[in-house]
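The values are calculated or read from the model by the stated rules, or taken from the named source; none is laboratory data. All of these numbers come straight from a predicted model, not from anything done at the bench. Reconstructed Cβ throughout: ideal geometry from the backbone, glycine too, with neighbour counts over all protein chains shown. Heavy atoms of the whole protein, side chains included, go into the accessibility calculation; ligands, DNA and RNA do not. Shrake-Rupley method; radii C 1.70, N 1.55, O 1.52, S 1.80 Å.
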Amino acid sequence: MKAHLSRRYRFSASHRLHSEQMSDAENRAIYGKCNNPYGHGHNYVLEVTVSGQVDPNGMVCNLVDLDESVNREVLSRFDIENLNMRPEFADSVPTTENLCTVIFDLLNQDILKRKFTQAHLERVRLEETMMNSFEYSGD
Ligand code: NI
């Protein structure tokens, strides 16, 4: 019996979409107003989904453990931060697509390393605005 558990979290961060590999004109052409030199912020909504067997305690994953992992690996890293200044984005542009994959990899590594749950990280979904969101489920 496989079940899914999803939990939502919120954090706020700023970014500027700009690649050092391109000229200023190319950056403006590709990223438009998101290339504004002063950056801009988002109130992100993160939805984390894990899946697995319902254990003898009646849980897919203990929410206390999941919250602790998301707090440490994601919220403490990115909340109220300028994403462009973070080492995770030293070599990539902090688009929400890239942020979504970084978050997936951080959480997945934490689950595999600390084994705090038998559940498997199924998907990370990141809402950037009311109008758009991104999902990543690993390679
Ligand atoms: Ni943006």
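Quick rundown of the values:
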item	result
Identity of the residue in region 12-28, open to solvent by 50 Å² or more (accessible area, probe 1.4 Å) and within 16 Å of the ligand (Cβ to nearest atom), that ends up farthest from SER76 (Cα to Cα)	ARG28
Within region 117-127, tally of residues that are open to solvent by 30 Å² or more (accessible area, probe 1.4 Å) and either of a type outside the set (Lys, Arg) or farther than 18 Å from ARG7 by Cβ (or both)	4
Answer residue from region 86-101, given it is of a type in the set (A, V, I, L, M, F, W, C) and within 15 Å of the ligand (Cβ to nearest atom) and is surrounded by the most Cβ atoms within 10 Å (Cβ to Cβ) among those	LEU99
Pair list, Cβ under 6 Å, 6 or more apart: region 59-79 residue part of a loop (DSSP other than H, G, I, E, B), other residue among the polar types (S, T, N, Q) and at pLDDT below 95	CYS61/THR117
Qualifying position, being of a type in the set (Asp, Glu) and crowded, with 18+ Cβ neighbours inside 10 Å, among GLU81, GLU68, GLU73	GLU73
Which listed residue is among the aromatic types (Phe, Trp, Tyr) and away from the ligand (no atom under 14 Å from the Cβ), from TYR31, TYR9	TYR9
